[in-house]
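So the structure is just underneath, and the comments pick up after that.
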Amino acid sequence: MNLNIVEIDNLSFGYKGRLLHKGINMMFPRGKVVAIMGGSGSGKTTLLRLIGGQIKPSHGEVRVDGDVVHKQDRDGIFKLRRKMGMLFQHGALFTDLSVFDNVAFPMRELTDLPESMIRDLVLMKLNAVGLRGASGYMPVELSGGMARRVALARAVALDPNIIMYDEPFAGLDPISMGVICDLIRSLNDALGATSIIVSHDVKETFLIADYVYFVANGEVAAEGTPHDLMHSTLPFVHQFVHGEKDGPVPFHYPAANYQSELMNSKTND
Amino acid sequence: MIKSTLLIAVARMLRGLGARMIDRIWRLGAGARLFFLTIFYSGESFRRFHLILREIYFTGVMSLLIIIVSAFFVGMVLALQGYNTLQKYGSSEAIGVLVALSLVRELGPVVTALLFAGRAGTAITAEIGLMKTTEQLSAMEMMAVSPIARVVAPRFWAGVISMPILATLFSMVGILGGYLVAVPLIGVDDGAFWSQMQANVDFRVDIVDGLIKSLVFGVACTMIALFEGFDAPPTAEGVSRATTRTVVISSLTVLGLDFILTSFMLVV
């Protein structure tokens with residue numbers, strides 16, 4: 001059995017004439033929590049979509065459990081996705097279903113389990129995220145943190161081998177953030193799964209990740225354990241980890257000369 | 001100088017026209033693809049008929065109020081206008097036939113489809129557009145569940161099943177509205193109203209043709225609403241534009257199809 005459950009090999013991806021990734025290589029070992037970090041628009045979420053087979057790479061390949069994702073037909077991709085669970089940035093709960101039905105959804109759709117067993121499993125998943133008492137609520141009645149926890153329960157409903165998290169800490173209060181942080185680590189260890197976290201929240205991600213990749217300008221700019229990266233002297237990593245305003249990533253977006261633009265009589269209309 | 005500016009303007013106009021044409025053809029192809037995929041995935045929807053029943057409630061049952069109230073007024077206006085013309089020729093007893101044929105052949109299927117597009121069609125587009133915006137469709141795909149099988153197909157069949165039932169109800173309520181104006185209000189003979197209707201409305205030619213029309217309108221209106229929702233850009237503006245397009249395209253399609261179907265039905 002391959003040590004890495006997901007492998008990204010010399011991957012390039014672009015759209016609308018813009019190359020987003022240029023020859024990226026990444027390894028995601030079984031049982032580990034691996035983070036992909038980088039600034040907004042650096043293509044972190046796109047990497048998750050490439051792993052999930054929602055889009056195809058321009059060059060290179062993504063292998064999940066030894067299978068090349070983009071070479072699969074629709075049934076093959078669906079088969080691979082059954083090994084995956086994904087937590088979307090805003091939860092993506094089905095708004096017409098209750099909390100209970102949201103968690104039960106993958107079980108009802110993809111298994112032949114009897115309803116009594118589904119009930120027990122849903123309650124166990126909800127209990128694991130601390131929301132068994134909210135099983136009757138509708139998504140609209142939940143706070144942002146609660147919705148994220150329900151979505152997490154749904155993502156692990158079928159005990160996947162790979163759990164992908166797209167910005168799991170975005171927009172959460174400190175308590176919810178701590179809860180989600182703890183849940184990601186504990187669920188990963190309890191299920192023996194591999195977690196892939198896409199985030200730009202340094203503190204929380206470094207707390208739970210075993211290994212971190214930094215993506216910038218379409219390439220892997222740095223990689224290592226959180227401890228290594230915290231003390232990295234690479235200018236980009238230093239700027240990102242310490243949240244400095246100016247550095248390799250400039251404060252100003254590239255523009256024409258300031259003075260000449262102000263003096264130019266042409267308007268933007 | 002003026003000549004070259006004019007040429008540039010014409011070239012730009014032609015380029016814009018060409019781009020719009022390509023976009024329309026692309027959308028037509030994408031719509032046809034969604035239609036065939038919907039048919040392909042329909043077996044799963046029929047195996048879990050409760051999904052279709054649930055959508056029939058939202059698209060059909062929830063449209064009942066607007067359909068019944070509109071039908072009642074349309075029937076009453078038809079009786080008033082019809083009586084006004086028929087009495088000039090001494091044929092006011094034929095008012096029942098006029099109301100029934102107008103409703104069963106034309107107004108029932110057409111007005112129901114227009115109301116359906118405005119009420120249920122927009123709801124379908126907005127719901128699917130928002131599901132796309134909030135990544136619910138992506139979440140479904142990532143769970144290895146096809147959104148076409150789970151979301152699109154049940155709504156499609158609910159629309160197709162609901163439309164003929166709603167059109168039939170429209171015609172029935174419209175006839176009742178016409179009766180209340182013609183008989184108790186104007187004083188047309190009760191027996192003449194119903195007997196002339198019974199004698200002149202043919203089941204095969206009038207009622208079945210009306211049902212065929214409403215079935216075709218059901219397919220068109222529901223598919224347009226589903227495609228617009230599925231194709232909407234995942235933004236607030238995108239969903240709003242898609243909802244507007246649903247009403248405009250559905251209405252024009254219904255009126256155009258009505259002319260084509262009527263032509264064929266009269267010839268055959």
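Derivation of every value follows stated rules applied to the coordinates shown; laboratory data play no part. Because the structure is a prediction, the values reported are computed rather than measured. Methodologically, a virtual Cβ is constructed for each residue, glycine included, from the backbone with ideal geometry; neighbour enumeration extends over all protein chains shown.
Determine the relative contact order of the range B:102-230: mean sequence separation of Cα pairs under 8 Å and six or more apart, normalised by residue count, in whole percent.
Values: 110 pairs, mean separation 70.7, N = 129.
That works out to 55 percent.
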Original post:
For the range A:162-204, what is the convex hull volume of the alpha-carbon atoms per residue, in Å³?
Top reply: 59
**OP:** From other protein chains only, count the Cβ atoms within 10 Å of every residue's Cβ in B:140-153, then give the mean.
**Re:** 5
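Considering only DSSP beta bridges with both partners in the range A:141-250, what is the antiparallel share in %, to the nearest 5?
50
What is the diffusion coefficient of the range A:4-263 in µm²/s, taking the Kirkwood radius over Cα pairs and the Stokes-Einstein relation at 37 °C with a viscosity of 0.692 mPa s? List each step's numbers first, then the result.
Details: Rh = 19.5 Å.
Taking Rh from Cα pairs, D becomes 168 µm²/s.
Using just the Cα positions, wrap the range A:115-269 in a convex hull and report its mean projected area in square nanometres, one decimal place.
Working: hull surface 56.8 nm².
Projected over every direction and averaged, the Cα hull of the range A:115-269 covers 14.2 nm².
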**OP:** For every helix of n ≥ 4 consecutive DSSP H residues, a contribution of -39,500 (n - 2.57) applies; sum these over chain B, divide by its total residues, and give [θ] at 222 nm rounded to the nearest 500 deg cm²/dmol.
**Re:** -26000 deg cm²/dmol
Original post:
Å³ per residue of the Cα convex hull, for the range A:184-269?
Top reply: 145
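Placing +1 at every Lys and Arg Cβ and -1 at every Asp and Glu Cβ, with all other atoms neutral, what dipole size does the range A:4-263 have around its Cα centre, in debye to the nearest 20? Kindly include the intermediate steps, with their values, before the conclusion.
Details: 25 positive and 29 negative charges, 78 e Å.
Rounded to the nearest 20 debye, it is 380 debye.
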Original post:
What is the projected area of the convex hull of the Cα atoms of the range B:50-267, averaged over all directions, in nm²?
Top reply: 13.3
Subject >> the range A:182-239-the range A:45-72 distance, computed between alpha-carbon centres (Å) >> reply: 21
Original post:
Do the sum for chain A: with -39,500 (n - 2.57) for every DSSP H run of n ≥ 4, divided by all residues, what is the mean residue ellipticity at 222 nm, to the nearest 500 deg cm²/dmol?
Top reply: -10500 deg cm²/dmol
Original post:
To the nearest 20 debye, what charge dipole does chain B have about its Cα centre, counting +1 at the Cβ of each Lys and Arg and -1 at the Cβ of each Asp and Glu?
Top reply: 1060
**OP:** State the percent of C-alpha pairs, over all pairs in the range B:167-268, separated by a distance greater than 18 angstrom.
**Re:** 64
**OP:** Would you mind working out the magnitude of the charge dipole of the protein assembly as shown relative to its Cα centre, with +1 at each Lys and Arg C-beta and -1 at each Asp and Glu C-beta, to the nearest 20 Debye?
**Re:** 980
**OP:** Write down the Kirkwood hydrodynamic radius of the protein assembly as shown, to one decimal in angstroms, obtained as one divided by the mean of 1/r over all alpha carbon pairs.
**Re:** 27.4
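Just counting partner chain Cβ atoms within 10 Å, what average do the residues of peptide A:65-78 show around their Cβ?
Shielding by partners across A:65-78 averages 1.
What pairs in A:LYS44/A:LYS203; A:LYS32/A:LYS83; B:LYS132/B:LYS213; A:LYS22/A:LYS44; A:LYS56/A:LYS83; A:LYS83/A:LYS125 have C-alpha atoms more than 21 Å from each other? Intermediate results must be reported in sequence, preceding the final value.
Details: A:LYS44/A:LYS203 18 Å; A:LYS32/A:LYS83 16 Å; B:LYS132/B:LYS213 32 Å; A:LYS22/A:LYS44 13 Å; A:LYS56/A:LYS83 19 Å; A:LYS83/A:LYS125 17 Å.
In this structure, B:LYS132/B:LYS213 exceed 21 Å between Cα atoms.
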Original post:
Please state the relative contact order of the range A:4-263 as a whole percent: Cα pairs under 8 Å, 6+ residues apart?
Top reply: 24
Subject >> Sequence-separation-based contact order of chain B, relative, with Cα cut under 8 Å and 6+ spacing, percent >> reply: 31
Subject >> Farthest positive-ward along the range B:50-267 dipole, Cα basis, beta-carbon charges - from B:LEU176, B:VAL104, B:LEU64 >> reply: B:LEU64
Original post:
Going by average Cβ neighbours within 10 Å, how do the peptides B:29-36, A:125-132 rank, with the highest at the top?
Top reply: A:125-132, B:29-36
